[in-house]
Each structure stands twice: as structure tokens, then as C-alpha cells.
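Values in this text are rule-based calculations from the coordinates and carry no lab data. Bear in mind the structure is a predicted one, so any value in this text is a computation, not a measurement. With ideal geometry, Cβ positions are generated from the backbone for all residues, glycine too; neighbour counts draw on all protein chains shown.
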Amino acid sequence: MSTELKVPFSKPSISEEEEKAVLDVIRSGWLTTGNVTLEFEKEFSNFMNSSVVNNNVQSLAVNSNTSGMILAMHACGVKAGTHVITTPYTFVSTAACAKHLGADVVFCDIEKDSYNIDADKIQEILEKNEKTHKYNFTAIVPVHIAGTVCNMKKIMELAKKYNLKVIEDAAHSFPSLTDMGYAGTIGDAGVFSFYATKPLTTAEGGMICAKEPALIKNMQMMRLHGMDRTTWDRYTSPKASWMYDIIAPGYKFNLPDILSALGRVQLKRTQEFYEKRKHIAEIYNREFSKLDFVEIPPDCQGNAWHLYLLRLKLDKLKIDRDDFSKQLQTCGIGISMHFIPLFHFSYWQGLDSSFTKENYPNAEDHFIRTISMPLWPDMTEEMAYMTIDAVKQIGMENYAG
């Protein structure tokens, strides 16, 4: 065995076309948010509206999914004195965004057989609150994990019944297409991530999608200091470029043209990237299905295969998930964990003494058994089989029967 990383966990696919697009922006003399970002937004909207279900989606580029979630929550009325429902099985920013706005979070366990929030348990929370009136719910925040899509049909029905907004954390779900449209365009707002490991990357960045003009207008204004004019307009308009008004105390969440240039090329390669990830996932599924000490990830319509979450059958092994992961790394296989449930973090524990693993058994069970395996567009079949062989070797050496 060697400590050399033979199979990276993730690696972006960057071609000469992306390089040229970025260089063109650098040489243009305009580096911040400008015309390239405006074109990126239009092209992303066109992509989302290519679904027969959606035809009026608008897109706003932001510098991260986190920034986008804050803007979307703010526009949807999340503020002090309100509560949102979301999952503990997510990256910390999902819930932290609500806290940044002064709101409180009520957590709902995930489904037993998937990593996504359990819509039936959301219903239980809302029905109980009808009697107790303990919470002032304003939004449901489903998180589409690893490229799979939450039960949006039921979530949207619940939102309509209880007059709630739905803000999709779609960081993992580009381009997940369902009967209801692309994930991230089904609720009132959806926010994508373009982080370095994502299916479409701008290194750092994200995109908000929404249909309601009032939400778009609010988020557009709050994205850049609460100004009533964009930087591009102020510096390129033949009118008085220095004049603007501040309508609200906004944020600095804009995406610069350098990163948008990268994103525009990546967007054109969406299908190519998807087919390559899906091919590796199919190899994994076929080979891992032959092993009785692991479970292949849940699947669904429109699965984007952003991550491959392999689950161990701990009753079949003499070692736990952590030891298995360390041995994979010793074999030179890059791995990760998605996600550490929020009830394992001291900040969230300190807010509510009942926020424990015992009260979210499905999230805890998935957490202690899951390893995120390498999966990226330019990953070779040889790398996939190296990963599979390492899992086989470690499993057989530590097999409990």
C-alpha cells in the first residue's frame, strides 16, 4: 500500500475553451460583474426553461450558494421571529443562513432509504404546530442530496396548504430533471452551487432561480448593497454614471465576470459532464452490487450523480466507517463524507438540548455508514476499478460474515 493519492476525490474538468474565456475577460479590462455575468444569467435561464414544465425562470448569479440562500430566504420573508423547516443532513450553511437573518430552525429527519428530508415528517411537524402554535413557520428548505431530488410533489402540497415558501437548496442537483421541472426551479426559489467540486464550476459561485418578479427584483437589489442600479449600468450608461440610490441595507454577493466566463463554458458542457459521471456511477453500481457488505446509493428520476454515497453494512464488517475510510486513503483513494449531521456540532447542540442523534435516527444511521467515493467527469474507468478493488480488498480483509 502507498500514501500516494492515486484517485483524487474530485477534480474539475477545464478545457482550453474555459481558459480562453477567462483570458478574454482579463484582457477586456472589465473584471467585475458586467456583461459576461448578464449573459451567463440569461443562458442559465434558457437552460432551465428548456424543460416543458418551466418557461419563466429567471436567474441571478451570486458569489456562493450560501449568499444565494441568504438572498432567497430574505426575499421569502425569513427574519427574526420566524422559523424554517430543514434537514440536519446538510452542509452547515443551509441552516446558518436562516440564523444570519435572525430566524430559528426546526429540523426534520431524513427518509430511511434516502439522504433527503422526509416529507411525511414535515407534515407531522406542521400538523402538530397547528395545535400548539409553537412556531411561526415561513418556509420549508428541502436539500437535494448528492444529485437526488426530494419529494417535491408532497412538499409543494404542504407549502400550499400552510401558506409557506419553498426554498430549494439545490447545491448538489444540477442538472436534475424531474416531471416537475429541473430541481431548483420547482419551489419559490432554488439556489445552485458552482463550487470547485460541483457538476458546473466557477471555482466559487452560485445561481438563484425564481419565477416571481417581486422575488427576483428584491434579490437583485439586495445582491449589491441595496443599490437601485448595477455596477455595469453605472459605468457604461451614457447617462450620469455616478448617480444611484440605496433602497435597503444590502449585501456584496455579486459574481464577477472572470468566474462567469468559466461558468458559461461549463454550462455548454453540461450534458458531456453528466454522461461521464453517470458512466462511472453505473460501473460502481454494477460492481458494488456484487458485494454483500455495502449498499449502493439511492437513485431517483433525474439523478444528477453529483456524489456517489456508498453505505457500509456494518454488521458485515469488523471495522467501522472511519477505519474503512482511513484504509481507503492508505490505498491512495480520495474520499470524503457528506454530511456530518448538524446535531454533531457544538453550536447547534447548544441551541436545543433535544437536538441529538437519538431524535434523528435516519440521519445518524446514514452518517455512520456512508463514505463519499471519487466521482468526477474526467475520471477514467481504470480509476473507477482501482477504487472498486480497494473497497473489495478492505471489505474482505475485515469481513465479519
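What length, rounded to one decimal in nm, is gained on full extension from Glu381 through to Asn398, with 0.36 nm per residue of separation minus their alpha-carbon distance? Before the final figure, lay out the partial values.
Details: separation 17, 0.36 × 17 = 6.12 nm, distance 2.58 nm.
My answer for the length gained is 3.5 nm.
Can you list the residues, at least 5 places off or on another chain, whose amide H is less than 5 Å from the amide H of Phe137, using H built in the peptide plane?
His83
Quick one: P(r) of segment 274-336 from all Cα-Cα pairs, 5 Å bins, percents rounded to integers, in order of increasing distance.
Reading upward from the zero bin: 4, 15, 23, 26, 20, 9, 4, 0.
For the chain, build the charge dipole from Cβ charges (+1 Lys, Arg; -1 Asp, Glu) around the Cα centre, then report which of Trp376, Phe324, Val92 sits farthest towards its positive end.
Val92
Please report, in debye to the nearest 20, how large the charge dipole of segment 271-397 is about its Cα centre when each Lys and Arg carries +1 at its beta carbon and each Asp and Glu carries -1 there.
Working: 14 positive and 20 negative charges, 22 e Å.
The dipole magnitude comes to about 100 debye.
Under 19 Å from the 7 Å Cα→Cβ point of Glu282, by amide nitrogen: which residues of segment 298-342?
298-309
Give the Debye-formula value of log10 I(q)/I(0) at each listed q (0.15, 0.16 Å⁻¹), with one equal scatterer per alpha carbon of segment 16-269, two decimals each.
Log10 I(q)/I(0), no solvent term: -1.03, -1.15.
Please name which of Cys150, Asn218, Pro256 has its Cα lying farthest along the dipole of the chain towards the positive end, using unit charges on Cβ (Lys, Arg +1; Asp, Glu -1) and the Cα centre as origin.
Comparing the listed Cα positions along the dipole, Asn218 ranks first.
Take every Cα pair under 8 Å in the chain that's 6+ residues apart, average their separations, divide by the length, and report that relative contact order as a whole percent.
Numbers: 817 pairs, mean separation 93.0, N = 401.
Reported as a whole number, the value is 23 percent.
Using the Kirkwood radius built from alpha carbon pairs, what does the Stokes-Einstein equation give as D for segment 199-289 at 4 °C and 1.567 mPa s, in µm² per second?
Details: Rh = 16.3 Å.
The estimated diffusion coefficient comes to 79 µm²/s.
Normalised by the number of residues in segment 145-188, what is the relative contact order in percent for Cα pairs under 8 Å and 6+ residues apart?
Worked out over segment 145-188, it gives 42 percent.
Add -39500 (n - 2.57) for each DSSP H run of 4 or more in the chain, then divide by its residues: what number comes out at 222 nm, to the nearest 500 deg cm²/dmol? Display every interim value, and only then the final one.
On the way: 14 runs with 160 residues, N = 401.
For the chain, the value works out to -12000 deg cm²/dmol.
If the viscosity is 1.002 mPa s and the temperature 20 °C, what Stokes-Einstein diffusion coefficient in µm²/s follows for segment 342-401 when Rh is the Kirkwood radius over Cα pairs?
My calculation gives 145 µm²/s for D.
Among Gly184, Met227, Ser237, pick out the residue whose Cα is farthest towards the positive end of the charge dipole of segment 157-291, where Lys and Arg carry +1 and Asp and Glu carry -1 on C-beta, about the Cα centre.
Of the listed residues, the answer is Ser237.
Divide, for segment 271-397, the radius of gyration over alpha carbons by 2.2 N^0.38 Å, where N is the residue count. Could the numbers behind the result be given before it?
Working: Rg = 15.9 Å, N = 127, 2.2 N^0.38 = 13.9 Å.
For segment 271-397, the normalised Cα radius of gyration is 1.14.
So who's got an amide H within less than 5 Å of the one on Gly226, skipping anything under 5 residues away but keeping other chains? H placed 1.01 Å off N, in plane.
Residues meeting the criterion, in which the H sits 1.01 Å from N, are Gly250, Tyr251.
Sort the following peptides by mean Cβ neighbour count (other Cβ atoms within 10 Å, averaged over residues), highest first: 28-39, 294-305.
Numbers: 28-39: 16.8, 294-305: 19.1.
The peptides rank, most packed first, as 294-305, 28-39.
Please give the charge dipole size of segment 16-269, origin at the Cα centre, charges +1 on K and R Cβ atoms and -1 on D and E Cβ atoms. Round to the nearest 20 debye. Mind dumping the intermediate values first?
Numbers: 26 positive and 28 negative charges, 114 e Å.
Rounded to the nearest 20 debye, it is 540 debye.
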